[in-house]
Amino acid sequence: MESCMVSTTDGVCLQGRIFKPPQEATKNGSSGTAIVLVHPYSKLGGCQGLMQGMALRLAIKGFLAITFDMRGVGRSTGRCSLTGLPEIQDVIAVCRWVSQNLPAKKILLVGSSAGAPIAGSVVDQVEEVIGYVSIGYPFGLAASVLFGRHYKAILRSRKPKLFIMGTKDEFTSLQQLEKKLMSACGRVQAHLIVGVGHFEVEGPAYEARMVDLIVGFVAPLKQ
C-alpha cells in the first residue's frame with residue numbers, strides 16, 4: 001500500500017492510498033484496469049478506511065485499487081457537503097490522477113452508499129471510466145432530498161452499470177430501485193442480496209462477496 005496526494009481544480013488536497021497487486025497476480029492483465037472506490041457519506045463518518053478491505057481483496061485478485069478521503073475527511077482539506085455535489089470534483093481529480101500516474105488505461109468506479117451517487121455523476125465526465133458499480137445506491141424518497149441531483153447522470157450514461165442492494169435496504173425499496181433502473185440507458189445489471197439491509201451490505205462481512213461481484217462485472221469490460 002502506498003500513499004498519494006491529489007489536488008482538485010478548486011484547490012482541495014485529497015489523501016489517497018494505492019493498493020497494488022502482487023507481481024504474480026498481474027499475469028492476467030487485470031492491473032491494466034484501476035478500480036477507484038468512493039466511500040460512504042462523509043457527514044456520517046464515511047472515510048476511505050471503510051473501503052480498504054475491498055481494495056486489498058481487489059489487489060490480491062490482480063487489480064490496482066485506489067481509496068481516498070473526500071474533502072473534509074481525514075487529512076483531506078476542504079469541507080464536506082450535504083449533497084455531495086462539490087465531491088464530484090474530488091472523484092474526477094482522483095480518476096485523472098490515476099490515468100496520468102498509474103499503469104492503468106481503464107478505470108472502474110465503485111461507490112458505496114452516498115458514494116454511489118457521487119461516483120455516478122462522474123462516469124461520463126472521465127473518458128477512461130469504462131463502467132460503474134454501486135453498493136446500496138440511495139434512490140429512496142428521503143435520500144433524494146440530498147442526492148436527487150445526481151440521479152440523471154448515471155441513469156443517462158450508456159456505460160455499463162451494476163447496482164448491488166440488499167432486499168431490506170432502509171433507504172431504497174425494491175420497487176424504487178426497479179423503477180429507476182427501468183429508465184436507465186445502456187447495459188444495466190442489478191444484484192440483490194436477500195434479507196440484508198443497507199449497512200450490512202456495505203460492511204466488512206460482505207466485502208468478499210462485493211469483490212467477487214465487482215470482478216465478475218469488470219472482467220468482460222477489460223477486453
Select, from Glu170, Glu128, Glu202, the only residue that is modelled with pLDDT under 95 and of a type in the set (D, E, K, R).
Glu202
Could you list all residues from region 21-49 that are in a loop (DSSP other than H, G, I, E, B) and modelled with pLDDT of 95 or more?
His39, Pro40, Tyr41, Gly45, Gly46, Cys47
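Of all residues being touching a residue at least 24 places away in the same chain (Cβ under 8 Å) and among the aliphatic types (A, V, I, L, M) in region 160-180, which is surrounded by the fewest Cβ atoms within 10 Å (Cβ to Cβ)? Just the residue, please. Show your work before the answer.
Filtering region 160-180 for residues touching a residue at least 24 places away in the same chain (Cβ under 8 Å) gives 160-173, 176-177, 180.
Pick out the ones that are also among the aliphatic types (A, V, I, L, M) and you get 162, 164-165, 177.
Numbers: Leu162: 21, Ile164: 25, Met165: 27, Leu177: 19.
Filtering region 160-180 for residues that are touching a residue at least 24 places away in the same chain (Cβ under 8 Å) and among the aliphatic types (A, V, I, L, M), the one surrounded by the fewest Cβ atoms within 10 Å (Cβ to Cβ) comes out as Leu177.
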Met182, sole failed condition from (1) farther than 19 Å from Leu58 by Cβ; (2) in contact with a Ser or Thr (Cβ under 8 Å, 6 or more places away or on another chain); (3) aliphatic (A, V, I, L, M):
(2)
For a quick check of your reading of the model, give me the residue pairs whose first member lies in region 22-50 and is open to solvent by less than 40 Å² (accessible area, probe 1.4 Å), whose second is acidic (Asp, Glu) and modelled with pLDDT of 90 or more, with beta-carbon atoms closer than 8 Å and at least 6 apart or on different chains.
His39/Asp69; Pro40/Glu202; Ser42/Glu87; Gln48/Asp69
Would region 197-212 turn up any residue that is within 18 Å of Leu109 (Cα to Cα) and free of Cβ contacts under 8 Å to residues at least 40 places away in the same chain?
yes
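The values are calculated or read from the model by the stated rules, or taken from the named source; none is laboratory data. All figures in this text were calculated on a predicted structure; none of them were measured in a lab. FYI the Cβ positions are ideal-geometry reconstructions off the backbone, even for glycines, and counts take in every protein chain you see. With ligands, DNA and RNA removed, areas are computed over all heavy atoms of the protein, side chains included. Shrake-Rupley method; radii C 1.70, N 1.55, O 1.52, S 1.80 Å.
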